[in-house]
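Inspection log for the structure reproduced underneath, given as structure tokens.
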Amino acid sequence: MLGHWLDFTLAEPPRESLPDTQEGRLPFGRYTLHGPGILELTPAVARPEARACVLSVGIHGNETAPIELMGEVLARLEAGLIRLGAPVLVVLGNIPAIQVGLRFVSTNLNRLFRRDLEERGDEPERARQLMAAVDGFYSRHSPRARLHYDLHTAIRDSRFPRFAVEPFATTAIDDEQWRWLAAADIQAVLHQHQHSWTFSHYSKHYHGAQAFTLELGKVAAFGDNDLTVLRPMRALLEALVEGREPPGAEPQRMAFFRVEHELMREAEDFTLCFADDTPNFTEFSPGTCLARDAVAGNFVVGDRPLSVVFPNAQVERGARAALLVVPSPSPT
Ligand SMILES: [Zn+2]
């Protein structure tokens with residue numbers, strides 16, 4: 001069943017016959033379907049050191065590589081090639097957006113994960129379902145250590161094609177996380193400097209989970225992803241699913257950055273001074289003009305170089321048009 005779960009969930013038109021709740025057996029445990037795109041795997045025997053793992057994909061509907069990667073892991077579990085040894089919640093995020101191959105349908109789901117959310121609509125409703133699913137999962141498996149990896153791909157090229165975004169929250173990140181991410185071939189880490197209401201932030205902020213948003217290359221259509229470059233990441237996910245210690249490597253392999261400044265769009269008349277397809281982490285030297293804004297004026301790089309991440313001139317007024325980041329020391 002697991003190997004078909006993704007296809008089944010994403011079938012267009014939707015299969016009316018898909019039940020809301022469904023349970024079944026796996027070679028080393030069982031699965032429970034809590035709702036569309038919300039699948040819990042329960043091992044027959046959980047290893048003592050296993051984490052309660054939330055693994056989410058498709059929070060942005062056009063980011064297909066993580067969905068294919070999760071499909072491989074589920075198929076290998078079902079075939080008995082890997083042995084379930086940890087409780088795992090697999091989440092397929094924005095199902096209608098995945099079906100039409102768009103980042104979102106009405107609004108960006110990955111800014112809605114807050115308990116005081118008041119917005120109405122399909123994506124806010126989905127955020128509420130997913131928050132409830134995570135709350136239930138972590139409470140069922142308390143006091144097991146909590147982990148959440150939210151898997152994405154980026155819209156643009158990047159100097160570091162695979163990078164982790166560390167959500168801002170008071171929970172400290174364990175040193176082992178840096179070792180695991182380095183071994184999984186993550187090339188850079190970006191520390192966020194303030195709350196941003198993403199899915200991984202939700203698990204870290206409200207549940208004290210070890211949580212990251214992982215950007216795993218660039219957006220492509222289903223079937224056009226090169227999953228071979230994600231083998232080290234698959235090895236990390238499979239170790240977690242098996243409840244055993246993942247491979248480790250020196251964290252110093254990765255480049256660490258922190259946010260120095262958020263470039264906000266203030267005016268209707270607003271432009272970024274660099275090409276639309278500028279790769280993430282491109283560095284600009286002092287004196288370079290990065291943005292022209294009829295209200296805020298020009299933004300010029302000061303004394304030290306700044307690198308640009310997630311630039312987007314098309315955001316609404318008052319929203320973030322880019323993160324400007326600087327290198328930071330390795331945390332270990
Ligand atoms: Zn994304």
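The values are calculated or read from the model by the stated rules, or taken from the named source; none is laboratory data. As the structure is a prediction and not an experimental result, all values here were calculated from the model. Virtual Cβ from ideal backbone geometry, glycine too; neighbours counted across all protein chains shown. The accessibility values were calculated without ligands, DNA or RNA, using every heavy atom of the protein model including side chains. Shrake-Rupley method; radii C 1.70, N 1.55, O 1.52, S 1.80 Å.
Key figures
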quantity: Test: residue in region 291-300 that is at positive phi and free of Cβ contacts under 8 Å to residues at least 60 places away in the same chain; calculated: yes
quantity: Restricting region 136-170 to residues that are within 18 Å of the chain's Cα centre (by Cα) and assigned to a loop (DSSP other than H, G, I, E, B), the residue that is nearest to T213 (Cα to Cα); calculated: P167
quantity: Identity of the residue in region 89-109, polar (S, T, N, Q) and within 30 Å of G29 (Cβ to Cβ), that ends up surrounded by the most Cβ atoms within 10 Å (Cβ to Cβ); calculated: N94
quantity: Cβ pairs under 9 Å, 6+ apart, first in region 96-118 and within 17 Å of R320 (Cα to Cα) and assigned by TED's automatic domain parsing to the domain that holds D135, second open to solvent by 20 Å² or more (accessible area, probe 1.4 Å) and small (G, A, S); calculated: T107/G121; N110/S196; R111/S196
quantity: Residue list for region 200-219, filter: away from the ligand (no atom under 16 Å from the Cβ), open to solvent by 10 Å² or more (accessible area, probe 1.4 Å) and in a loop (DSSP other than H, G, I, E, B); calculated: G208
quantity: From A188, A127, residue being among the small types (G, A, S) and more than 21 Å from L216 (Cα to Cα); calculated: A127
quantity: Test for V325: is it assigned to a loop (DSSP other than H, G, I, E, B) and either β-branched (V, I, T) or surrounded by 15 or more Cβ atoms within 10 Å (Cβ to Cβ) (or both); calculated: no
quantity: Flag for L74 being more than 18 Å from S203 (Cα to Cα), out of contact with any His (no Cβ under 6 Å at 6 or more places or on another chain) and part of a helix (DSSP H, G or I); calculated: yes
quantity: Single condition P246 does not satisfy, out of (1) in contact with a strand residue (DSSP E or B) (Cβ under 6 Å, 6 or more places away or on another chain); (2) under 30 Å from L84 (Cα atoms); (3) not in a helix (DSSP H, G or I); calculated: (1)
quantity: Test: residue in region 95-118 that is acidic (D, E), more than 16 Å from the ligand (Cβ to nearest atom) and at negative phi; calculated: yes
quantity: Boolean, F222 is open to solvent by 60 Å² or more (accessible area, probe 1.4 Å) and part of a loop (DSSP other than H, G, I, E, B); calculated: yes
quantity: Residue match in region 241-251 (condition: in the same structural domain as P27 (by TED's automatic domain parsing) and of a type in the set (V, I, T)); calculated: yes
quantity: Any chance R304 is open to solvent by 50 Å² or more (accessible area, probe 1.4 Å) and part of a strand (DSSP E or B); calculated: no
quantity: Any hit, region 121-140, residues being free of Cβ contacts under 8 Å to residues at least 24 places away in the same chain, polar (S, T, N, Q), under 30 Å from E49 (Cα atoms) and assigned by TED's automatic domain parsing to the domain that holds E49; calculated: yes
quantity: In region 225-243, the residues that are in a loop (DSSP other than H, G, I, E, B), away from the ligand (no atom under 16 Å from the Cβ) and buried (at least 21 other Cβ atoms within 10 Å of the Cβ); calculated: G243
quantity: Total residues in region 149-186, condition crowded, with 18+ Cβ neighbours inside 10 Å and away from the ligand (no atom under 15 Å from the Cβ); calculated: 14
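Residue-wise test of (1) under 16 Å from the mean Cα position of the chain (by Cα); (2) surrounded by 22 or more Cβ atoms within 10 Å (Cβ to Cβ).
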residue: S56; (1), (2): yes, yes
residue: A65; (1), (2): yes, yes
residue: L74; (1), (2): no, yes
residue: E78; (1), (2): no, no
residue: I82; (1), (2): no, no
residue: P87; (1), (2): no, yes
